[in-house]
Amino acid sequence: MSTHLLSETGISQCPHLSPLDNFIPDFTSLLSSQGFTPASLRSKTQIVHNFSLWISKRQIKVRELAEGTIDSFFKQHPRPGYVRRGDFSTLCSLLKWLREIQEVKALLPEDDNSELHSIERNFSRHLEQERGLSQSTLHNYLPVIRCFLTERFGSDGIVLNEIDASDVIQFVLRYARTMSCRRAQLMTSALRGFFRFLYFRGDTASDLASSVPTVADWKMSELPKSLKPEEVERLLQNCDRCTAIGQRDYAVLILLARLGLRAGEVVAMKLDDIRWEAGLITIRGKGARHDQLPIPQDVGEALATYLLHGRPPCDTRRVFIRVRAPRRGFSSSVAIADIVRRALTRAGIDSMRKGAHLLRHSLATKMLQRGACLSEIGEILRHSTQNTTEIYTKVDLVALSALAQPWPGGDI
């Protein structure tokens, strides 16, 4: 295919025409394996060839290529202002691939010796090694700390012992009103962890964790949003399982509906997690926790259909793959929420909540209504404590009505 593309674009296969032409066939084959169409491959091959001619005229060696070289190419392009969609990302992918095959110098880590970076690095090491928190938690915590220190000290030197309670309170009040309750709670958790870290290290004279305001979120103040069992079935049945994308979405939705998985757990699922002979599936939960759940028959059939007929060939071991090239696993839980949102629209279901957790709540509610106890629900949902499961006691309205006391002055 790559040789055919070279001839179609008018690119000579002479190895000395321009510096990168020797690499174009292998790079094109790589892009083809990632699911790019022939039309996209022709376009990408052409921009690589143009870039190769450009570096040749400037006597830039392949080994010396870097991100700045790509930036200069587009700034000095012979047709300023005209850049086809995907050209920049194509050259970035080329540079990454050339580094992988060691034809371009490896990208050296930035030598950031700033005080802010040192504090972040030490706090990150504390969270990961001493508290055992996951990378996703670090990803959520560190920007909060960076924002706080940057706003408090600006470009001046950071003097941690100068932080006082008013700094903390003003920061939380300023940002908490701009975000959701859960996001605000995450912010305050990050700050409390950071100030405890500073206090234990002796960087602050007092433990400022106690000065972080609490975000009001009354326990069990709301009913968990859920769908009725017939709505869940309608949601599943409205997937077009004759198409590859329909088979993928159906498999995702039935995992959410039957096993109550979190969106991130679906994203992280790998082919090696499915043990067909034992009828078990490994769930990569929060942190480093791994659990095993039995595979119901309809879930197994949906997964098998997708893997045999809907999943495109690719190198990744992730179970669920993007439809559009490059073919790889989903980058975040947002993709799973989008699948649920589109499914709700197709099924004509109007729900206040439209994310993946809606189906998790629906499973728990259904189990409770059919007589399951809280411990059984907690085991299926893999809650770390029973307190998390207690919210579902509120959805059993029949049982709760028997506990209701007569209203004073009401009908007897």
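The values are calculated or read from the model by the stated rules, or taken from the named source; none is laboratory data. None of these values were measured; they are calculated from a predicted model. Quick reminder, even Gly has a Cβ in these numbers, built from the backbone with ideal geometry, and neighbours come from all protein chains shown.
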Any hit, the stretch 317-333, residues being under 28 Å from Pro38 (Cβ atoms), without any contact (Cβ under 8 Å) to a residue 40 or more places away in the chain and either β-branched (Val, Ile, Thr) or not assigned by TED's automatic domain parsing to the domain that holds Glu233 (or both): no
Candidate set from the stretch 170-216 (those that are in a helix (DSSP H, G or I) and of a type in the set (Lys, Arg)); member that is nearest to Arg121 (Cα to Cα): Arg201
Exclusive hit being within 22 Å of the chain's Cα centre (by Cα), among the basic types (Lys, Arg) and modelled with pLDDT of 90 or more, set Arg99, Arg121, Arg146: Arg146
Inter-residue pairs, beta-carbon under 6 Å, first in the same structural domain as Phe200 (by TED's automatic domain parsing) and in the stretch 112-135, second surrounded by 13 or more Cβ atoms within 10 Å (Cβ to Cβ) and modelled with pLDDT under 85, 6+ apart: Leu127/Leu133; Ser134/Gly287
Residues within the stretch 353-367 that are at pLDDT below 80 and either of a type in the set (S, T, N, Q) or touching a helix residue (DSSP H, G or I) at 6+ places or on another chain (Cβ under 7 Å) (or both), tallied: 1
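Residue-wise test of (1) in contact (Cβ under 8 Å) with a residue 12 or more places away in the chain; (2) under 26 Å from Val266 (Cβ atoms); (3) crowded, with 16+ Cβ neighbours inside 10 Å; (4) among the basic types (Lys, Arg).
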position: Phe171; (1), (2), (3), (4): yes, no, yes, no
position: Arg174; (1), (2), (3), (4): no, no, no, yes
position: Met179; (1), (2), (3), (4): no, yes, no, no
position: Ala184; (1), (2), (3), (4): yes, no, yes, no
position: Gly193; (1), (2), (3), (4): yes, no, yes, no
position: Phe200; (1), (2), (3), (4): no, no, no, no
position: Thr204; (1), (2), (3), (4): yes, no, yes, no
position: Val212; (1), (2), (3), (4): yes, no, yes, no
position: Arg241; (1), (2), (3), (4): yes, yes, yes, yes
Meets criteria (outside the structural domain of Phe23 (by TED's automatic domain parsing), more than 27 Å from the chain's Cα centre (by Cα) and modelled with pLDDT under 90) for Lys75: no
